[in-house]
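As structure tokens, the structure follows; a few thoughts come after it.
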Amino acid sequence: MPDENLVNLTIDGQTVSVPKGTLIVEAAKKVEIEIPVFCYHHKLDPVGACRLCLVEITPGPPRAQTACTTPVAEGMTVMTQSTMAVGARADILEYELVNHPLDCPVCDKGGECPLQDYTFRHGNPVSRVDDPKLHFKKPIPLSDKIALDRERCVLCYRCTRYYDEVAWEQELTTAQRGVQSYITSQFDEPLQSVFSGNIIDLCPVGALTSRVWRFESRPWDMDKQPSVCSKCSVGCNVTLWQRRGQLVRVTSRENDAIDDGWICDRGRFDYTYVNQEDRIRSPKVDGQPASWDQALSTVALGLSQVPAAKLGIHLPADITNEEVFLLSQLLAGPWRGAKVSMAGRTRLPLASVPTMKISDLDKAKTIVVIASDTRVEVPVLNLRIKKAVKKLGANLIVVHPATLDLVERWQSTIHIQPGKEGTIAAINQLKLHPTLKEGPVAILYGDMAGNEDGEAISTAVAELATAVGASVLPLYRGANERGALEAGILNANGDFKGVEALLTWGSTPKNLPKTVKFLTIWESNSRSGQEAAAVVLPAATFAETQGTYMNLDGTIQPLGPVLTVESPLRESWEVLLELSQLLGLQTSYLGPAEIQKAAAEAIPAFATLAANPEPSATPVRVMMGPARP
């Protein structure tokens, strides 16, 4: 029996069945037929601005039509290679190139530019235009991270539409009219959005480029590796690019279940420290160069000379699950009772009720955000909430004393400002709120940036979720904070009062107690204050680390190290393993794979580690324009 939800059509002689409402441009992808586009993007609303996707359709009017705005119809025949369609696309490309500069040898988009590819595949072989080109001032610094070259712009409006539809911000606009039109920032002010870097990936030409990466390399002289962002707990999928042993850029890598194809500016631009000359490459003991054997023996001895209750361990937010497991063995043995904290972590415990997945927000009818500025703490989740509200029609309730961007940009949001009774009272009052009767309900909650009792908020949220039948999602901040919590190794919340021996990894807490007599600093880069440490160990960065993270919804994803750890630098799991052996543990693993198997058996939440998960549970694509056929 035919499926009433499917539409059958023919594209260039090939029959294809797609769901009702599918656009022709997407239907063509099912049979691997390329329809070139500039303005169309599968994450933005179609506008038909560039006209490059023209095809011939029968039955229909005797003219070319845009495949990016035309939905399929039963019995439709689409011709992408007819004389009408081929000629129309070639004409559009000729118009696009009238004023386009011949910058290809120096343009950062060179080698991955759809305009280059389309010109070869769909354009006229010879230009008929020999008049002088229109010129603009170039480049325009939109911010300290993004440059705009107006001469290269094809006015696809992807960047302005992204700001309006996805980011809910008004930072880009179009000035002037006709051939004089150009993209500019509002009132010529620098871009401030934490999501601004996504317009670089969205731009189909070299009009918007990264000032951090500008003129650094070309696609053909870089190696790339799929990985996971380490800058917050969302677990956005990224691609790391290296050239000659240096990390040269980070781009988005689409995983609809996690990031919906976006990354924030922290994830995109905060990587230059990996290449800096102040990287620590070898250990030091008492300020002098030392071997790893000497350094780790000194660390083991120094940490063993105090009772475990007087020992402090400060962890980086991006510690991997494999490192967490090795550390849990130490904390169950010689370091039992030590105070353990994590940089930038929340005060939230593990949820006492089942948690939801990020993708479940797309199905929610009501979303409640409690005690969290998601734009700052979990940026890409903030975009997911905006999508659910603006495009999918979810109701939004925000419980926070400040007027956040979710409230400011969406006037129908219910904003509850906790008064003297505080956040807990506001949560309890929500049990009677009529909007929460419109299920499914998703409750996302934080700890007010560490300023409130996370335990109390978590308990109140669990009671609310039970009362209204909602799903919950704790908004942890650290990249692998949930993994560390699942392993049961966090307890100190940054309080090292009375500690006499301290190992700080990744960063050093401010205002160390004066009781500290033995200090070990384990960091990637030199900084002031390290001279006070008895031992300084070099740390590998996210670009050099093997292992996995568990994101805030419990999904475990593998990292893809794009840089090789070259001696004398060592990976963190190797350092922890050798330190464990020096402290008397009979542990021996040949590599991360063996550690994963052991962790999967010991910690229930890590069970999937034994399966060695792929970088993404869904097909991925690097969001840099259409792929070459």
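Mind listing the Cα extents of region 122-243 along all three principal axes, in Å, largest one first?
Projected onto the principal axes, the Cα atoms of region 122-243 cover 51, 36, 25 Å.
In nm, give the distance between the simple-model label positions of E574 and N525, each being 7 Å from the Cα along the Cα-to-Cβ direction.
So the label points at E574 and N525 sit 2.3 nm apart.
Would you please calculate the Kirkwood hydrodynamic radius of region 1-82 over all C-alpha pairs and express it in Å, rounded to one decimal?
That comes to 12.8 Å for region 1-82.
Calculate how steeply helix 83-97 sits against the longest principal axis of the alpha-carbon atoms of the chain, using the helix alpha-carbon long axis, and give the answer as 0 to 90 degrees to the nearest 10.
Roughly 60 degrees between the two axes.
Out of residues 5 or more away from I146 or on other chains, whose amide H comes under 5 Å of its own, with H placed 1.01 Å from N in the peptide plane?
Amide H neighbours of I146: R211.
So if each residue of separation counts as 0.36 nm, and I subtract the Cα-Cα distance between E94 and E601, what length gain in nm does that give?
Extending this stretch completely gives an extra 176.3 nm.
Tell me the accessible surface of L301 in square angstrom (1.4 angstrom probe, heavy atoms of protein chains only), to the nearest ten.
The accessible area comes out at roughly 100 Å².
Go ahead and collect, in residue order, the members of region 361-381 whose backbone nitrogen is under 18 Å from a label point 7 Å along the Cα-Cβ direction of I414.
364-372
Taking the convex hull of the Cα atoms, report for the chain its projected area averaged over all directions, in nm².
32.3
Using a 1.4 angstrom probe, figure out how much accessible area region 408-536 has per residue, in square angstrom, rounded to the nearest whole.
46
Skip the ligands, DNA and RNA, and give the accessible area per residue of region 127-175 with a 1.4 Å probe, whole Å².
In whole numbers, region 127-175 has 47 Å² accessible per residue.
Over region 281-399, what percent of the accessible surface lies on carbon and sulfur atoms, probe 1.4 Å?
Ligands and nucleic acids excluded, carbon and sulfur give 51 percent.
Which one, P568, L350, A147, projects farthest toward the positive side of the charge dipole computed for the chain from Cβ point charges (K/R +1, D/E -1)?
Checking the options against the dipole of the chain, the answer is A147.
Quick query: amide H of N395 versus all other amide H atoms, modeled in the peptide plane; which residues come in under 5 Å with a sequence gap of 5 or more or a different chain?
T366, I367
Suppose every Lys and Arg Cβ carries +1 and every Asp and Glu Cβ carries -1, with no other charges. What dipole size does the chain come out with about its Cα centre, to the nearest 20 debye?
With Lys and Arg at +1 and Asp and Glu at -1, about 640 debye.
For a distance above 24 Å, tell me the whole-number percent of Cα pairs in region 505-611 that qualify.
39
Can you tell me the 0 to 90 degree angle between the C-alpha axis of helix 592-602 and the longest principal axis of the chain, rounded to 10?
Helix 592-602 sits at roughly 70 degrees to that axis.
Taking 0.36 nm per residue of sequence separation and subtracting the Cα-Cα distance, how much length would be gained by fully extending the chain between K363 and R121, in nm to one decimal?
83.1 nm is the gain from fully extending K363 to R121.
Along the positive direction of the dipole of the chain (beta-carbon charges: Lys, Arg +1; Asp, Glu -1; about the Cα centre), which of N551, G110, Q176 reaches farthest?
My answer, from the dipole projection, is Q176.
Anything over 26 Å Cα to Cα? Flag those among K20/K391; K145/K365; K357/K431; K109/K386, in the order listed.
Pairs exceeding 26 Å: K145/K365; K109/K386.
May I ask you to give the solvent-accessible area per residue for region 299-365, in square angstrom, as obtained with a 1.4 angstrom probe?
The answer is 36 Å² per residue.
Considering only DSSP states other than H, G, I, E and B, which trypsin sites (Lys or Arg not before Pro) in region 364-399 qualify as loop sites with at most 13 other Cβ atoms within 10 Å?
Sparse-neighbourhood loop trypsin sites (Lys or Arg not before Pro): K391.
Helix 572-582 versus the longest principal axis of the chain: what is the Cα-based angle in degrees, 0 to 90, to the nearest 10?
Here the helix axis deviates by roughly 20 degrees.
Within the chain, which is the longest segment that contains none of the GluC sites (Glu not before Pro) sitting in a DSSP loop with at most 15 other Cβ atoms within 10 Å?
Counting at most 15 other Cβ atoms within 10 Å as exposed, the longest clean stretch of the chain is 278-420.
Kindly give Rg over Rh for region 168-308, based on alpha-carbon atoms, with the Kirkwood expression for the hydrodynamic radius.
1.15
How many angstrom lie between the C-alpha centres of region 18-39 and region 58-112?
So the two Cα centres are separated by 13 Å.
Only Lys, Arg, Asp and Glu count, each charged at its Cβ (+1, +1, -1, -1), so figure out the dipole size of region 76-170 about its Cα centre, rounded to 20 debye.
60
Carbon and sulfur together cover what percent of the accessible area of region 37-113 at a 1.4 Å probe radius?
Taking all protein chains in place, region 37-113 shows 61 percent carbon and sulfur surface.
So what is the relative contact order of region 238-333, in percent, for Cα pairs below 8 Å that sit 6 or more residues apart?
13
The values are calculated or read from the model by the stated rules, or taken from the named source; none is laboratory data. Owing to the predicted nature of the structure, the values given are computational and were not obtained by experimental measurement. Glycine gets a Cβ as well: all are built from the backbone with ideal geometry, and neighbour counts include every protein chain shown. For accessibility, only protein heavy atoms count, side chains too; no ligands or nucleic acids. Shrake-Rupley method; radii C 1.70, N 1.55, O 1.52, S 1.80 Å.
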